[in-house]
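The values are calculated or read from the model by the stated rules, or taken from the named source; none is laboratory data. Only a predicted model underlies this, so the values are computations on that prediction, with no experimental measurement involved. Cβ atoms come from the backbone with ideal geometry, glycine included; neighbour counts cover every protein chain shown. Note: areas computed on protein heavy atoms with side chains; ligands, DNA, RNA excluded. Shrake-Rupley method; radii C 1.70, N 1.55, O 1.52, S 1.80 Å.
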Amino acid sequence: MKILRTLLFTMAFMLLITGIPLGMEHAGAEASQGKVYQIGTDITFAPFEFQDTSGKYVGIDMDLLDAIAKEQNFQYVVKPLGFNAAVQALESKQVDGVIAGMSITDERKQKFDFSDPYFDSGVIMAVRSDNTDITGYEDLKGKKVAVKTGTEGYTFAQSIASKYGFTVVPFDDSSLMYEDVKSGNSVACFEDYPVLAYVAKTKDDLKLVGDKEKGASYGFAVGKGQNQELLEKFNAGLKDLKASGEYDRIKSKYLAENNTGTEQKQGRLELIIDSIPPLLEGLGKTLIYTLVSLFFAFIFGLIFGFMKVSRSKWMRGIATVFVDLFRGIPLLVLALFIYFGIPQALGFKMPLFLAAILTLSLNAGAYVTEIIRGGIESIDRGQMEAARSLGLPYRKAMIKIIIPQAIRVMIPSFINQLVITLKDTSILSAIGLVELTQSGKIIIARTFASFDIWLVVAIMYLVVITILTKISNRLERKVQRG
């Protein structure tokens, strides 16, 4: 346990000195004293929560939360996790509350306490704007329908799928769901009415079909029996905002008929240029997380790598368990377990940056362990025997003779692991890490320009990985010549 605490402290210190901020969140309700509530949200759910061109989180939910916080004088920090991750974070007490267009249902009431309803929603269907074949649910027979997991649209689609004979295709965020419909893979999607109405009004790629189905109301959620003071403040603030007319002003700001969205007038080139700064910021975080993770991965690799080639059966066994464990668990599952599972089981909050670094370090450390083992074992045993016969101690023979030769063998694999870890950071967007991939998702949620943004993201990854590979190859040649 002491070793674990020491390791966690060392990782946190390294992150501080390398410049990674302790959170990728946006703060609200400017105050400097008192408890700061951690609020989970989606930020890919326009018009309720999304990021504008300046990087600020806006939308009905965000504006409402900010106004209530100012009115009730409390501080908060927004954690952009995505809907599913936000709900899991609330359940594991990683956040104090969630506001993300979250429908109040009987099932959710068993786990969470909700505020007074602040928006009455409903579900509606949308199809591609040039689709004239789908005019009602009966036309969906034998076809695929896209939905977003965890939403009322998903629940409603599942409830009628067998009746009308269509297949439900789930997605984790709204933008991917829309793209599946626009590409023709799915013929329709179900989503909350105000969200689809905003999308259809902002872009002409989708159109609404049929009548709105009655749905549940949205509410602000806290853990069951947790943060009751925050819940009371939210309810009191909501009541005051409704009485003053501020609530109606916030709604009309995003839902008024003359509101056509913030990105409609942007051309493709202008959109790409405006998107470069946040994508570069995301790229910077990707590189920092990669380098810091590899630093600790090499520490793990050195420790367990030498244990793997140790003469002690017990040490070899421990190292084998480490490698098999962290190579055998998929990276996404490991990230979810570390960030949500462990804190829920042990009753503490784990910072997102620490969970991300720990996940990447353990995963990469298992592979680095095997790289080091393989490099050492690739050197002819006769060299060690010759060194020992000349009177060199085992440790000195390893340091002076075996390891220098093994390093030359290991370098190509180290380069490959660097590239793999850099790309693996994109998987951690599932727990809310705002790196390059998540930055792209956030921009697409506002602009719906999937092709342009994903093309830029792909080029950024390609350029960085190519540069790193070239630099590493040059280093490899120098070492080989040396």
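Output yes when any residue across segment 394-406 is of a type outside the set (D, E, K, R), surrounded by fewer than 16 Cβ atoms within 10 Å (Cβ to Cβ) and touching a helix residue (DSSP H, G or I) at 6+ places or on another chain (Cβ under 9 Å), and no when none is. For segment 394-406, residues of a type outside the set (D, E, K, R), surrounded by fewer than 16 Cβ atoms within 10 Å (Cβ to Cβ) and touching a helix residue (DSSP H, G or I) at 6+ places or on another chain (Cβ under 9 Å): present.
Taking the criterion of being of a type in the set (A, V, I, L, M, F, W, C) and either in contact with a Gly (Cβ under 9 Å, 6 or more places away or on another chain) or at pLDDT 95 or above (or both), the residues of segment 363-385 that qualify are Ala364, Ala366, Val368, Ile371, Ile372, Ile376. Has segment 121-128 got any residue that is more than 29 Å from Ile104 (Cβ to Cβ), open to solvent by 40 Å² or more (accessible area, probe 1.4 Å) and in contact (Cβ under 8 Å) with a residue 24 or more places away in the chain? Yes; the residues of segment 121-128 include at least one that is more than 29 Å from Ile104 (Cβ to Cβ), open to solvent by 40 Å² or more (accessible area, probe 1.4 Å) and in contact (Cβ under 8 Å) with a residue 24 or more places away in the chain. For segment 77-94, the criterion of being at pLDDT below 90, of a type in the set (Gly, Ala, Ser) and open to solvent by 50 Å² or more (accessible area, probe 1.4 Å) is satisfied by no residue at all. Out of the residues in segment 338-380 that are closer than 19 Å to Gly305 by Cα and part of a loop (DSSP other than H, G, I, E, B), which is least open to solvent (accessible area, probe 1.4 Å)? Applying the filter and picking the extreme gives Ile379. Tell me which residues, restricted to segment 104-120, are in contact with a Ser or Thr (Cβ under 7 Å, 6 or more places away or on another chain) and open to solvent by less than 50 Å² (accessible area, probe 1.4 Å). The answer is Ile104, Phe119. Restricting attention to segment 321-337, does a residue exist that is free of Cβ contacts under 8 Å to residues at least 40 places away in the same chain, buried (at least 19 other Cβ atoms within 10 Å of the Cβ), assigned to a helix (DSSP H, G or I) and of a type in the set (A, V, I, L, M)? Yes. No other residue among Val145, Val98, Val58 is among the aliphatic types (A, V, I, L, M), closer than 22 Å to Tyr247 by Cβ and crowded, with 24+ Cβ neighbours inside 10 Å apart from Val98.
May I ask you to verify whether Asp180 is under 24 Å from Ser439 (Cα atoms) and open to solvent by 70 Å² or more (accessible area, probe 1.4 Å)? Answer is no for this residue. Let me confirm something: among Arg311, Arg316, which residue is more than 21 Å from the chain's Cα centre (by Cα) and outside any helix (DSSP H, G or I)? The unique qualifying residue is Arg311. Among the residues of segment 453-476, the ones that are of a type in the set (A, V, I, L, M), open to solvent by less than 70 Å² (accessible area, probe 1.4 Å) and without any contact (Cβ under 8 Å) to a residue 24 or more places away in the chain come to 1 in all. Thr135 meets the conditions (1) touching a strand residue (DSSP E or B) at 6+ places or on another chain (Cβ under 8 Å); (2) modelled with pLDDT under 90; (3) open to solvent by 30 Å² or more (accessible area, probe 1.4 Å); (4) among the β-branched types (Val, Ile, Thr) in every case but one. The failed one is (2). For segment 183-205, the tally of residues that are open to solvent by 40 Å² or more (accessible area, probe 1.4 Å), part of a helix (DSSP H, G or I) and either β-branched (Val, Ile, Thr) or at pLDDT 85 or above (or both) stands at 1.
Restricting attention to segment 36-64, the residues that are of a type in the set (D, E, K, R) and closer than 14 Å to Gly237 by Cβ total 2. Among the residues of segment 418-430, are any more than 30 Å from Val181 (Cα to Cα) and either over 20 Å from the mean Cα position of the chain (by Cα) or free of Cβ contacts under 8 Å to residues at least 24 places away in the same chain (or both)? Scanning segment 418-430 turns up at least one residue that is more than 30 Å from Val181 (Cα to Cα) and either over 20 Å from the mean Cα position of the chain (by Cα) or free of Cβ contacts under 8 Å to residues at least 24 places away in the same chain (or both). Evaluated against (1) within 21 Å of Glu232 (Cβ to Cβ); (2) out of contact with any Leu (no Cβ under 8 Å at 6 or more places or on another chain); (3) open to solvent by 10 Å² or more (accessible area, probe 1.4 Å); (4) not β-branched (Val, Ile, Thr), Ala67 falls short on exactly one condition, (2). Scoring Lys143 on the criteria (1) out of contact with any Ser or Thr (no Cβ under 8 Å at 6 or more places or on another chain); (2) more than 23 Å from Ile43 (Cα to Cα) leaves a single failure, condition (1).
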